[in-house]
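Structure, as structure tokens:
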Amino acid sequence: MRFDSALGLESRRGPLATTGKVLIYGAMVVVFTGPLIGLLMSAFNKTLDPTSFSLWPDEFTLENFIKAQDKNVYLYLLNSFIVVGFGLLLQVLVSVFAAYSLARKKFRGMTFVMLLMLATMMLPEEIIAIPLSLVLADMPLLHVNLIGTYAGMILPVGAWGFSILVMTEFMKEVPVELEEAARIDGAGELRIFATIILPLCRPALGVIGVFGFTMIWDQYLLPLIVAPQSEMWTLPVALRSLRSDEEVGIGVLLAASLLALLPSIIAFLAFQRQFMRGLTSGAVKG
Amino acid sequence: MTSTLAPASGRTAAPGHPPKSARWRGPLIAWLFLAPALLLFLYFKFIPMFVGLWKSLFKVQTFLGDEWVGFQNYQTIITDDEFGAAIWHSVVLAFGTTLGSLVLGLGLALLIEGPARYLWFVRTAAFLPVVTTMAAVAEVWRIMFHPADSGMLNIVIGWAGVDPQPWLASEDSSLMSIMLMSIWRGTPYDMMIFLAGLVGVNRSLYEAAAVDGASTWRRLRHITLPALRPVFWILFTLAAIRGLRVFVEVYVLTNGGPNGSSEVLMTLIYKLGFQKNELGVASAGGIVLFLATLALTVIVQMLRRRQAA
């Protein structure tokens with residue numbers, strides 16, 4: 001007998017075991033993907049009934065996606081992409097720079113900085129939502145108002161403790177000999193960073209990239225605070241306003257929800273290995 | 001460790017004798033690379049935290065100027081029935097979701113443990129809820145929760161012969177319905193982490209148990225579960241904290257209704273802050289939430305330590 005798992009289900013053979021397994025695994029897939037498949041099907045369904053939610057479209061149509069244009073759904077989608085595009089770029093840059101310092105340098109105060117990073121991870125954004133809105137409206141010292149700007153949605157996600165820590169752990173693994181050899185050849189700090197350390201950290205870039213993407217894409221409270229006027233809404237925030245429509249029922253809402261879901265699902269499926277790796281690194285905080 | 005800085009000064013420095021400039025150059029570079037992160041954290045995490053603490057002691061008025069009220073905002077929170085109910089709902093939701101996801105996650109992890117290719121497919125499919133956008137998923141569930149007979153979930157439970165439920169529409173079931181969706185989204189996450197923990201269980205112990213003739217249950221009870229204990233505590237802390245600060249799920253599904261039956265701390269704080277403009281009380285609410293989170297983390301750590309000792 002083999003013991004690959006605690007229950008040893010896999011080594012059980014025979015018709016009864018097979019049926020049991022098919023039922024269990026089938027039920028799991030249905031329960032966890034059912035609502036998502038239902039959304040996919042219903043978004044292409046032509047119906048006015050607000051309760052309708054089907055696992056198979058009765059009448060295939062693209063009308064929901066066309067009507068979505070009138071409801072500014074594509075504008076919201078564009079806003080979401082602007083925020084996630086610049087936000088992720090900033091977040092990755094900030095993370096690799098900070099990680100380079102934390103992983104490759106020794107300096108006074110490093111333990112304190114590490115503690116600060118951990119503290120930010122213990123401090124969920126929900127808790128500081130109210131004061132954050134006050135700070136964004138009048139940035140201390142700078143006296144800039146970021147409410148109603150893309151910068152107000154992008155800058156607060158720029159530094160993320162999780163990304164910095166994952167990157168730091170990874171950069172510690174790069175052999176110090178490589179760096180020293182480059183230094184002897186006269187390479188400067190930025191050059192070592194860009195040509196030696198970064199290329200070796202490409203797998204970790206995948207991890208923080210895919211996590212950062214889903215994290216920024218899923219932002220809700222921040223854009224809700226920052227964008228009072230509808231032209232600035234991101235797609236997740238806009239969904240609420242699309243609920244009732246006499247002409248197409250919940251069609252536009254379903255189409256928009258699907259558009260809001262797809263990017264993070266695609267990102268997950270495309271970078272699955274990196275995703276699982278980041279997940280099990282044990283440092284994930286919501 | 002000044003010797004490690006020596007190479008930074010270039011080829012001219014003899015080993016062991018760094019020139020003066022190297023002594024500050026190394027740390028300076030380190031701080032320069034850290035600066036963007038620290039600046040962003042300062043502006044968007046630490047300053048808001050202190051502004052929140054500060055404003056919680058004031059009656060915040062936009063045009064009249066802030067008025068010092070001491071701990072009155074906190075007193076309001078502690079004595080106010082609305083806040084009391086919201087705190088209770090947050091705690092119920094957090095613990096219900098946490099325990100539900102943990103138990104189901106562990107069960108499912110045990111069921112789909114193994115290297116087979118089709119199990120990998122099941123895992124991937126089951127994991128999808130975790131990566132989906134909360135607001136969009138909540139809209140989908142809001143439609144599935146439709147209270148009429150034609151609502152999706154009512155049709156499904158109808159197959160099992162259960163009468164249609166009002167779900168989000170009733171004061172008695174709104175909170176439980178939100179919990180159901182949160183468990184749906186939280187279970188695959190816990191499952192994945194448990195699976196990672198199961199990989200670390202020593203296989204030879206299983207074999208030794210089999211040689212001794214131990215049953216599957218005893219194997220689970222004495223080998224598998226003890227090995228998963230650290231994972232369990234990490235998941236418990238993370239999920240409980242996440243549960244306490246829940247916002248989007250409730251905001252989208254019920255916005256606290258009907259009749260405040262599903263109002264949680266964050267939706268109440270949001271309403272106070274952005275709709276009633278009671279920024280002082282809302283800030284105090286944020287601090288209370290922060291303290292609750294902190295207390296929870298410390299208690300769990302202490303329990304863990306005692307158990308380990």
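Laboratory data are not the source of any read-out in this text; all were calculated from the coordinates shown. Everything numeric in this text was worked out from a predicted model, so none of it was measured. Here the Cβ is made from the backbone with ideal geometry for all residues, glycine too, and neighbour counts use every protein chain on show.
With a 10 Å cut-off around each Cβ of B:53-65, the average count of Cβ atoms from other chains is 1. Taking other residues whose beta carbon is less than 15 angstrom from the beta carbon of B:M181, and scoring Lys, Arg as +1 and Asp, Glu as -1, yields +1. Computed from the C-alpha gyration tensor, the three semi-axes of the ellipsoid equivalent to region A:66-279 are 37, 21, 14 Å, from longest to shortest. Going 7 Å from the Cα of B:E207 toward and past its Cβ, which residues in region B:217-259 have a backbone nitrogen under 19 Å from where you end up? Answer for region B:217-259: B:219-220, B:223-224.
Of the GluC sites (Glu not before Pro) in region A:173-263, the ones in a loop by DSSP (not H, G, I, E or B) with at most 11 other beta carbons within 10 Å are A:E173, A:E246, A:E247. How much net charge surrounds B:R142 when only other residues with a Cβ under 11 Å from its Cβ are counted (Lys, Arg +1; Asp, Glu -1)? So the environment of B:R142 carries a net charge of 0.
Based on the Stokes-Einstein relation at 25 °C and a viscosity of 0.890 mPa s, and on the Kirkwood radius from alpha carbon pairs, the protein assembly as shown is assigned a translational diffusion coefficient of 93 µm²/s. Counting Cβ atoms of other protein chains within 10 Å of each Cβ in A:160-172 and taking the mean gives 1.
The mean number of Cβ atoms from other chains found within 10 Å of a Cβ in peptide A:22-34 is 5, as a whole number.
Report note on the peptides A:253-263, A:105-115: ranked by the mean count of other C-beta atoms within 10 Å, highest first, their order is A:253-263, A:105-115. With each label modelled as a point 7 angstrom along the Cα→C-beta vector, the B:T297-A:T18 pair spans 5.2 nm.
Each eigenvalue of the Cα gyration tensor of region B:72-308, multiplied by 5 and square-rooted, gives one semi-axis; in descending order these are 36, 25, 14 Å. Taking packing as the residue-averaged number of other Cβ atoms within 10 angstrom, the listed peptides B:279-285, B:296-302, B:62-68, B:141-147 run from highest to lowest as B:279-285, B:141-147, B:296-302, B:62-68.
Dividing the summed helix terms, -39500 (n - 2.57) for each DSSP H run of n ≥ 4, by the number of residues in the protein assembly as shown produces a 222 nm estimate of -20500 deg cm²/dmol to the nearest 500.
What helices does chain A have that are whole DSSP H segments, at least 30 Å long along their own axis by Cα, and with mean Kyte-Doolittle hydropathy of 1.6 or more? Span-like helices, by this rule, are A:73-104.
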